[in-house]
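Input: a single structure, listed below in structure tokens.
The values are calculated or read from the model by the stated rules, or taken from the named source; none is laboratory data. Treat the numbers as computed from the prediction; the structure is a model and nothing was measured. All Cβ positions, even for glycine, are placed from backbone atoms using ideal geometry, and neighbour counts span all protein chains on display. In case anyone asks, the SASA skips ligands and DNA or RNA and just uses the protein heavy atoms, side chains included. Shrake-Rupley method; radii C 1.70, N 1.55, O 1.52, S 1.80 Å.
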Amino acid sequence: RDDVPTLLAGADVAVSAAVWEGQPLFLQEALAAGTPVVATDVGGTGLVLGGAGLLVPGEGRVAEALADAVRRVLQEPGLAEDLRTRSLARAAELPTVEEAVAAALEAYRCLRPGR
């Protein structure tokens, strides 16, 4: 879809209830859109968010923790605005799509035999 940035920008909050994540591209897109993020603290999620979202434990009473965090974002306008600001700032620190592709291609080049 080519309208994902617009959809995310119109969202009140982006939620990831992942049990496992490597590098969550969805959350990177949410950050770039300035959307407040609530996510489970699994895999690479915390690293990608870099403090720009609310993390809840990925084990135990996950649904309740996510619901509480989402409720906070929706009921505390100051928190939502702070998360929007932090999202945009964090997105500016992350590699662009072009930079990520270039890095992946360079890694593959280094693996070629005879190099």
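Quick notes on this structure:
- Which numbered condition residue 81 fails, given (1) touching a Ser or Thr at 6+ places or on another chain (Cβ under 8 Å); (2) among the acidic types (Asp, Glu); (3) open to solvent by 60 Å² or more (accessible area, probe 1.4 Å): (1)
- Residue within region 27-37 that is assigned to a strand (DSSP E or B) and modelled with pLDDT of 95 or more present: yes
- Members of region 16-31 that are aliphatic (A, V, I, L, M) and surrounded by fewer than 20 Cβ atoms within 10 Å (Cβ to Cβ): 17, 18, 19, 25
- Total residues in region 89-115 satisfying the condition of being in a helix (DSSP H, G or I), open to solvent by less than 60 Å² (accessible area, probe 1.4 Å) and under 19 Å from residue 8 (Cα atoms): the figure is 3.
- The residues of region 35-57 that are touching a residue at least 24 places away in the same chain (Cβ under 8 Å), in contact with an Asp or Glu (Cβ under 6 Å, 6 or more places away or on another chain) and open to solvent by less than 30 Å² (accessible area, probe 1.4 Å), listed by number, are 42, 45.
- So residue 60, is it touching a Phe, Trp or Tyr at 6+ places or on another chain (Cβ under 6 Å), over 21 Å from residue 9 (Cα atoms), open to solvent by 10 Å² or more (accessible area, probe 1.4 Å) and not in a helix (DSSP H, G or I): no
- A Cβ distance below 9 Å, combined with a sequence gap of six or more or placement on separate chains, defines the contacts here; from region 72-101, residues that are closer than 13 Å to residue 29 by Cα and of a type in the set (Ser, Thr, Tyr) reach residues that are in a helix (DSSP H, G or I) and open to solvent by less than 90 Å² (accessible area, probe 1.4 Å) in the pairs 87/30; 87/31; 87/32; 87/33; 87/49.
- Among the residues of region 40-62, the one identified as out of contact with any strand residue (DSSP E or B) (no Cβ under 7 Å at 6 or more places or on another chain) and of a type in the set (Asp, Glu) is 59.
- Test for residue 60: is it on the phi > 0 side of the Ramachandran plot, touching a helix residue (DSSP H, G or I) at 6+ places or on another chain (Cβ under 7 Å) and not aromatic (Phe, Trp, Tyr): no
- With respect to the stated conditions, residue 86 is open to solvent by less than 100 Å² (accessible area, probe 1.4 Å) and within 20 Å of the chain's Cα centre (by Cα).
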